[in-house]
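Only one structure is covered here, and it is reproduced in the block below.
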Amino acid sequence: MKDVHGEGQIKGFVALRSKMYAVRVEKDEEDWTDELKAKGVKRNAMTDMTYDKYVECLRHCTKTKHRFKQIRSHKHNLVTHDTEKVGLCSFDDKRYILPCGIHSVAYGHYKTKQSKPQCSFCVEQLA
C-alpha cells in the first residue's frame, strides 16, 4: 500500500461527495498543509477554496458557485464563454443519508424503501 501523506499525520478529512474532498496534513505542531480535490472545478477557482470552506459546506449545507472564462470552438470559430459552475456542494445525488447524518446507503437500497429508515451501524454501537 502506498503512503501518500508520509511527511506528516492526517489531522482532518472532509468528504462532500465522490471526488470532492479535503485532507489536512500536519507536519509539525504549527505547520500544516491542505490537499483539496474537486472534480470539474477549474484550478483558478480552486484558489478561493480552503479546508474551512469544505467544513462549512458540510455542516451548514451551503453551496458555492464559481465563475470563469473559457475559450471554446463552436463551428470552427473560437468563442469566449463566461461559465458559472457549482463549486462546493454537500448534496450527493448518488447516496441516501441515514437519519444519524453520518452513514449513507446507495439509492435503491432496501433501507431507503422503509417508512422510517434507521441506521443499523449506530444502533449496534449503542447496544
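The values are calculated or read from the model by the stated rules, or taken from the named source; none is laboratory data. Just so we're clear, the structure is a prediction, and the values are computed from it rather than from any experiment. With ideal geometry, Cβ positions are generated from the backbone for all residues, glycine too; neighbour counts draw on all protein chains shown.
For this structure, a couple of remarks:
- Criterion: on the phi > 0 side of the Ramachandran plot and either more than 12 Å from the chain's Cα centre (by Cα) or not assigned by TED's automatic domain parsing to the domain that holds residue 122 (or both) - qualifying residue of 101, 12, 8, 87: 101
- Answer residue from the range 23-66, given it is aliphatic (A, V, I, L, M) and more than 22 Å from residue 100 (Cα to Cα) and is surrounded by the most Cβ atoms within 10 Å (Cβ to Cβ) among those: 38
- Number of positions in the range 70-92 that are in contact (Cβ under 8 Å) with a residue 40 or more places away in the chain and either acidic (Asp, Glu) or assigned to a loop (DSSP other than H, G, I, E, B) (or both): 3
- Count of the range 15-69 residues, restricted to those that are touching a Leu at 6+ places or on another chain (Cβ under 6 Å), under 10 Å from residue 87 (Cα atoms) and in a strand (DSSP E or B), is 1.
- Any chance residue 108 is modelled with pLDDT of 75 or more, outside the structural domain of residue 21 (by TED's automatic domain parsing) and in a loop (DSSP other than H, G, I, E, B): yes
- Criterion (modelled with pLDDT under 85 and surrounded by 15 or more Cβ atoms within 10 Å (Cβ to Cβ)) met by exactly one of 99, 117: 117
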